[in-house]
Amino acid sequence: RRMAYHDSLTDLPNHAYFEERLQQALSEASTHGQSLAVLLLDLDRLREINDALGFHQGDLLFKDVGMRIRGVLKEDELVARMRGDEFGILLPVSDTDHAAAVARRILDALGAPFTISGLMLNVSAAVGISLFPQHGSEATRLIQHADMATRQAKKSGKGYTFYTAEQDEGGLRRLTLAGELRRAIEEDELVLHYQPKINMRTGQVCGAEALVRWIHPQQGMIPPDEFIPLAEHTGLIKPLTDWVVGAALRQSSTWRHAGVALPVAVNLSTRNLRDAELLSKMTRLVAAWGAEAGWLELELTESAVMDDPEGALEILRRLSILGFTLFIDDFGTGYSSLGYLKKLPVNAVKIDKSFVIDMLSNTDSAAIVRATVVLAHDLGLKVVAEGVENQATWDRLAALGCDVAQGYHISKPLPAEQFKAWLDERARNAKAGKHAGHTRPRSSRA
Ligand code: C2E
Ligand code: CA
Ligand code: CA
């Protein structure tokens, strides 16, 4: 019985025990007309800790986390290890205020660093809460709803969140979209928009980033942040990336016939880097469009690379040998070791827009931007700043020696025809000696 109901690692009750106790608590609460609360707690960054320290140390950490949670609960309240890095907490008599207070106490208790094998580790956690009877009357429902609330808490970074019906609708929408995405790829409901990249020294357009959008027949345009994560979870990211690369090459070939020879950048996901067929597929697509590797730039997020540094290194090396230009995207948001950057066969880093957007008002962001430019240049890499939204930011970046800029100040991402029109207009202006503010060094400011 002990084995069936216990998690041997943490010595805490397990998922099965939690559900059984929740069922009992539910029947008691409904008999006495009381309310109860289910809390689900999810630890962040645990994978990194496991990777860095080994699984055994990760287990010790779980045990400590369980003990700290236990420490803030009353006698009749329960903490269980649900699965992986998730803990369940049952408050058999509780209302909104009590549940919120417990959540805060737990987060406080986990706020102090953990000492594992002499190392101090900080973990952060997200807590989702569902209440009986407001959010459901069955155990599985309440757990499911607390789980949705946990995801919301993670996303908002708020620490803890109560379940709301909108989260459910969000979940439903995601499920429906995931089901429709395959059709969208097959039936060409996707389009690429293009955003120019500008060489800050010469003011010349030096490339375009292809950004995918989904034109949904009923819902209209859906931004990539909504469906790329779905594609990543369902494995559809592979056919989606094939589609994007094919479409970018076709567009590139059209532009080249019209005399515009700009490299087009496409974004690759973590999953793409783990795809054993990536290299052969890229080679095949390039050949099929009569293109060359140099037509494409590949943007890989820092986290995609750091997920499996050794594996990524090998793939990047081969892509680089094939002639693709490689960019580290969203630089500054992940946990790259700077020494590691030196080993990567990449050509440039893109400073994430979150730092660029507020670099004039936030000294931390300013420091990260400045340090990235210096570091990248020392390593012989070019620096691209994304999210350049105004002339003042452009001027500051230019003064720091940043090489390339991209952002709304220059242009939003545009459909292919509009992008071409924008290029033509810009060329006309240049001929007529008219310069938009950002095409020239700072002296040209109006
Ligand atoms: P990203 O690669 O970091 O792309 C830059 C995003 O910042 C784009 O959003 C772009 O529209 C936006 N942006 C550009 N300039 C500015 C600016 O000045 N201010 C602000 N606030 N934003 C700016 P978008 O198009 O919604 O794309 C979001 C993300 O979706 C991309 O982030 C990328 O991670 C992903 N994504 C887009 N297309 C693809 C794709 O074909 N494949 C994959 N795997 N991911 C894609
Ligand atoms: Ca990108
Ligand atoms: Ca970015």
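Numbers below:
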item	result
Under-5 Å amide H pairs with CYS206, H placed in peptide plane, nonlocal only	LYS197, ILE198, ASN199
Candidates LEU322, LEU12, LEU121, ranked by Gaussian network fluctuation over the chain, Cα under 10 Å, top entry	LEU121
Computed lengthening from GLU314 to ALA165, 0.36 nm per intervening residue step minus Cα-Cα distance	49.1 nm
Stretch gain in nm, segment THR283-ARG173, where the contour uses 0.36 nm per residue and the Cα spacing is subtracted	36.0 nm
For the stretch 263-338, Kirkwood radius (reciprocal of mean inverse C-alpha pair distance, Å)	12.7
Of LYS382/LYS412; LYS342/LYS382; LYS197/LYS420; LYS197/LYS412; LYS343/LYS382, pairs whose Cα-Cα distance is over 20 Å	LYS382/LYS412
Calculated P(r) tail over 42 Å for the chain, as whole % of Cα pairs	28
Label-to-label distance, nm, for residues given as LYS412 and GLN218 (7 Å Cα→Cβ offset)	2.6
Percent RCO, i.e. relative contact order, over the stretch 142-276, from Cα pairs under 8 Å lying at least 6 residues apart	19
Unit Cα scatterers, Debye sum, the stretch 296-429: log10 I(q)/I(0) for q = 0.21 Å⁻¹	-1.23
Rg [Å, one decimal], Dmax [Å, integer] - the stretch 1-146, C-alpha atoms	15.3, 50
Ordering of 344-353, 183-192 by packing [mean C-beta count within 10 Å, highest first]	344-353, 183-192
Dipole-positive endmost among LEU397, VAL373, ALA291 within the stretch 281-429 (Cβ charges, Cα centre)	ALA291
Kirkwood Rh, Cα atoms: Rg over Rh of the stretch 207-363	0.97
For the stretch 150-213: rounded, prolate or oblate by the Cα gyration tensor [a/c cutoff 1.5]	oblate
Rg over Rh, two decimals, the stretch 74-154 (C-alpha only, Kirkwood Rh)	1.00
Quotient of C-alpha Rg and 2.2 N^0.38 Å, computed over the stretch 177-294	1.11
The chain, relative contact order in percent, only Cα pairs under 8 angstrom and at least six apart counted	11
For ASP424, net neighbour charge (Lys/Arg +1, Asp/Glu -1) across residues whose Cβ lies under 12 Å away	+2
Rh by Kirkwood over Cα pairs, then Stokes-Einstein D for the stretch 194-236 at 1.567 mPa s and 4 °C, µm²/s	103
GNM result for the chain, Cα springs below 10 Å: residue of LEU177, LEU43, LEU381 fluctuating most strongly	LEU43
Proximal charge balance of ALA366 [Cβ under 10 Å; K/R count +1, D/E count -1]	0
Reciprocal of mean inverse Cα separation for the stretch 368-408 (Kirkwood radius, Å)	10.2
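Values quoted throughout were computed directly from the atomic coordinates according to the rules given, and no laboratory measurement underlies them. Not measured: the values here are computed from a predicted model. Cβ coordinates were reconstructed from backbone atoms using ideal geometry, including for glycine residues, and neighbour counts include every protein chain displayed.
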